[in-house]
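Have a look at the structure below, then the notes.
Each value in this text was obtained by applying a stated rule to the coordinates, not by laboratory testing. This one's a predicted model, so the numbers in the text were calculated from it and none came from an experiment. Backbone-built Cβ (ideal geometry, glycine too); neighbour counts: all protein chains shown.
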Amino acid sequence: MMASTSSKTSPALLVDLAKVLRSKNSGPFEITFDVIFDSEHVYQRVKNSGALEADDLALRFHVTPEDVLVCMFFDPARAFKLTLKRKWKQGSIGERDTFGAQQHAPLLDIVIP
């Protein structure tokens, strides 16, 4: 009996598909998120999935669509970049993450079909 050779892929979490998934400071008023893939196939899968749309990401990060400054795929680097306006100025009183390195959690559980 031959095994099935279905080309269907199972849904996966973005965190499981990405080689790098990080957030970082992008100046005193912005924070940026990078998602980098080590496989062209996986990169294209995520890019074509429609799972990383600006309006959906704005909801996920509890910001308005106007606060999404950059939401784009960059083919030469097999990467996705998202830049948001900060909710508060970097280094201001009550700042919880000056370097912006702990803000990527809302990206972790995005399901890629």
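Being more than 18 Å from residue 97 (Cβ to Cβ) and either of a type in the set (D, E, K, R) or assigned to a strand (DSSP E or B) (or both) is a property that residue 16 has.
Pairs linking a residue in region 60-89 that is touching a residue at least 40 places away in the same chain (Cβ under 8 Å) and within 14 Å of residue 21 (Cβ to Cβ) to a residue that is among the polar types (S, T, N, Q) and not in a helix (DSSP H, G or I), with Cβ atoms under 8 Å and 6 or more positions apart or on different chains, are 78/39; 81/32; 82/32.
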